[in-house]
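Participant: This is the structure I want to talk about, given as structure tokens.
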């Protein structure tokens, strides 16, 4: 065993594979220890570096906040725009559905109104026809009753004919046989009127024939004219 104080020397193959021993840096100073030895543990330098590091940290932090806020705002705007588009599309679909329902309702109401008008028109036509028939029947009934109680139908028929054409020269006056029998033939002959019995005529019917025209004074013809006016 050697008592020499000299450091041992490694030779041969061992020396070729030897590595330097890493010794931990035990120097003081959070920031100065990272620099040259001349500034190690210098208080002023340490404070300055600490201030610079803090400012840098805050600046980076602020920049990160700004970038994050900007990115978040951009993303929020994109989401908002997408939501607006979705709501607008939904509103359009809803409006189209509402318009379609409204159009269908209007069409249904229009069709219903048309059917109601048709029914009302049909009812009115039936009422008018019934009223016309009623008025015609009533007129015919009243006239028939008047004829039934007439005591001198011949005189009545002659008076009607003379009142209608007081100045016209008669040629023939056709009357019902009963009316012709009761007529004053002599007085009529003085006016140039020849009475002709006609079984096809009613008791108060008469047909006046002149050189120029024929006047139909039959009751049935008068009632037909009344019906035509009522219609």
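The values are calculated or read from the model by the stated rules, or taken from the named source; none is laboratory data. Because the structure is a prediction, the values reported are computed rather than measured. Methodologically, a virtual Cβ is constructed for each residue, glycine included, from the backbone with ideal geometry; neighbour enumeration extends over all protein chains shown.
Participant: Could you list, in sequence order, the residues of the stretch 166-200 that are under 16 Å from residue 210 (Cα atoms), modelled with pLDDT under 75 and either part of a loop (DSSP other than H, G, I, E, B) or touching a helix residue (DSSP H, G or I) at 6+ places or on another chain (Cβ under 6 Å) (or both)?
Facilitator: Once the filter is applied, which keeps residues that are under 16 Å from residue 210 (Cα atoms), modelled with pLDDT under 75 and either part of a loop (DSSP other than H, G, I, E, B) or touching a helix residue (DSSP H, G or I) at 6+ places or on another chain (Cβ under 6 Å) (or both), the stretch 166-200 yields 166, 167, 168, 169, 191, 192.
Participant: Just one of the numbered conditions (1) buried (at least 16 other Cβ atoms within 10 Å of the Cβ); (2) modelled with pLDDT under 70; (3) in a loop (DSSP other than H, G, I, E, B) is not true of residue 161; which one?
Facilitator: Here residue 161 meets the rest and fails (3).
Participant: Can you pull out every residue in the stretch 201-220 that is in a helix (DSSP H, G or I) and in contact with a helix residue (DSSP H, G or I) (Cβ under 7 Å, 6 or more places away or on another chain)? Walk me through it before giving the result.
Facilitator: The first filter runs over the stretch 201-220 and keeps only residues in a helix (DSSP H, G or I), leaving 219-220.
The one that is in a helix (DSSP H, G or I) and in contact with a helix residue (DSSP H, G or I) (Cβ under 7 Å, 6 or more places away or on another chain): 219.
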